[in-house]
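Below: one structure, written as structure tokens.
The values are calculated or read from the model by the stated rules, or taken from the named source; none is laboratory data. Keep in mind it's a predicted model, so treat the numbers as computed, not measured. Please note: Cβ atoms are built from the backbone with ideal geometry, for glycine as well, and neighbour counts cover all protein chains shown. These accessible areas exclude ligands, DNA and RNA; they are computed on the full protein's heavy atoms, side chains included. Shrake-Rupley method; radii C 1.70, N 1.55, O 1.52, S 1.80 Å.
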Amino acid sequence: MTKLLKRLLGDVLLETELSDVFSSFDIIGDIAVIKIPDSLLMKKKLIGDTLLSNVSNLKTVFLQKTAVDGEYRLRGLELIAGEDKYVTIYKEYGCQFFVNVATSYFSPRLSTERLRISNLVSENETVINMFGGIGTFSIIIAKKTPALVYNIDSNLDAYVLSKINSKLNKLQDRIVSLHGNARDILTSGLFENKADRILMPLPEKAFEFIGISVNCVKPSGGYLHFFSHIKSDTKSKAVIDSENHVHSLFSNYDYQIKHTQIVRAVGPRVYQTVTDIYIKNS
Ligand SMILES: C[S@@+](CC[C@H](N)C(=O)[O-])C[C@H]1O[C@@H](n2cnc3c(N)ncnc32)[C@H](O)[C@@H]1O
């Protein structure tokens, strides 16, 4: 994507400016979201128009004005070219998703991780996605395997989209969307000892929900997919640091680390990692 961006902007930016262009941009359906460094903000319209006229099927270009932030993990957006619209349809692994880039979290950069986890799920599993957003992980899982997936999110907009997306993919019988704080929903008594697998894709805060998730795992054992943000000098060290982090958090439990990997870099020497943990709830 970086190369594409630089090639497209090669005609409108100076060589020195080109090296300043942020490393990547996201294309979500027919909407692009791009970061532009302060030094180039006066050329944002030119950059937006260039993208719009060179990337096929693109209708809208937003400048990402703030980092992803807050409970709902949202980012500030400013329209710099094209139609003023936030909703698009994104396609991944044979599934379709209505995405609202302003009101709910979505990242195309997690697609490989969505596929990886979906490949681990067996028939008839009960899966809880504690921070399910618009239903991306849950829908990819349920599309591949007849499992029952609970998709929880505290953001009403994300919850509504998860319901719409489950129907859009004809998976409403396999996915139960729930709106609310995962803490309240999972301590209600309804989910204790029920899950074969729990996804915890909220790297900033997943560690606050460990006790709650373990209580929901079946007494015979189950898997947690535990996401973290890890600051490390190298990728290989990030994997080791991530496992050490998990060991320190889970020391009171009967658990085994099955696998850890980097999901993506999220900043200079900061990595999002995922650890697959087999755990006994006893
Ligand atoms: C990083 S996003 C991941 C969303 C989704 N899994 C995906 O990959 O597209 C985290 C999601 O957790 C939701 N969230 C944050 N705190 C929550 C909580 N305490 N209970 C339920 N959902 C929460 C946010 O609204 C957001 O949609």
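For a protection proxy built on the mean count of beta-carbon atoms within 10 angstrom, sort 117-124, 150-157 highest first, please.
So the peptides 117-124, 150-157, ranked by packing, come out 150-157, 117-124.
Could you tell me whether the range 2-85 comes out rounded, prolate or oblate from its Cα gyration tensor? Rule is a ≥ b ≥ c as square roots of the eigenvalues, rounded for a/c under 1.5, then prolate if a/b exceeds b/c, otherwise oblate.
It is oblate, given that a/c is not under 1.5 and a/b is not larger than b/c.
How much of the DSSP bridge set in the chain is antiparallel, in percent, rounded to the nearest 5?
Restricted to the chain, the bridges split so that about 65 percent are antiparallel.
Mind checking which aspartates and glutamates have their C-alpha under 19 Å from LYS280, skipping anything on the same chain fewer than 8 residues away?
Of all the aspartates and glutamates, those that pass the test against LYS280 - Cα under 19 Å, at least 8 places apart if same chain - are GLU125, GLU192, ASP196, GLU208, GLU243, ASP254.
Taking only the Cα atoms of the range 1-148, how large is their convex hull per residue, in Å³? List each step's numbers first, then the result.
On the way: hull volume 16.2 nm³, N = 148.
Looking at the range 1-148, the number lands at 109 Å³ per residue.
If we sort 26-38, 95-107, 134-146 on the protection proxy, mean other Cβ atoms within 10 Å, highest first, what's the order? Walk me through the numbers on the way to the answer.
On the way: 26-38: 17.8, 95-107: 19.9, 134-146: 24.3.
In descending order of packing, they fall as 134-146, 95-107, 26-38.
When DSSP beta bridges are limited to those with both residues in the range 2-85, what percentage is antiparallel, rounded to the nearest 5?
Once the DSSP bridges in the range 2-85 are tallied, antiparallel ones form about 70 percent.
Order the peptides 212-219, 256-263 from the highest to the lowest mean number of other Cβ atoms within 10 Å of their residues. Kindly include the intermediate steps, with their values, before the conclusion.
Values: 212-219: 19.8, 256-263: 15.9.
Highest mean packing first, the order is 212-219, 256-263.
Dividing the Cα convex hull volume of the range 170-259 by residue count, how many Å³ per residue is that? List each step's numbers first, then the result.
Working: hull volume 11.9 nm³, N = 90.
For the range 170-259, the hull spanned by Cα atoms encloses 132 Å³ per residue.
Could you give log10 I(q)/I(0) at q = 0.09, 0.10, 0.13, 0.17 Å⁻¹ for the chain, computed by the Debye formula over C-alpha point scatterers of equal weight, without solvent?
Ignoring solvent entirely, the Cα scatterers give -0.46, -0.56, -0.91, -1.36.
Whole number in Å², please: accessible area per residue of the chain, 1.4 Å probe, ligands, DNA and RNA not counted.
That works out to 47 Å² per residue.
Out of the total accessible area of the chain (probe 1.4 Å, heavy atoms of protein only), what percent is carbon and sulfur?
Roughly 50 percent of what the probe reaches on the chain is carbon or sulfur.
Normalised by the residues of the chain, what does the relative contact order come to in percent, with Cα pairs under 8 Å and at least six apart?
With pairs under 8 Å counted, the relative contact order is 11 percent.
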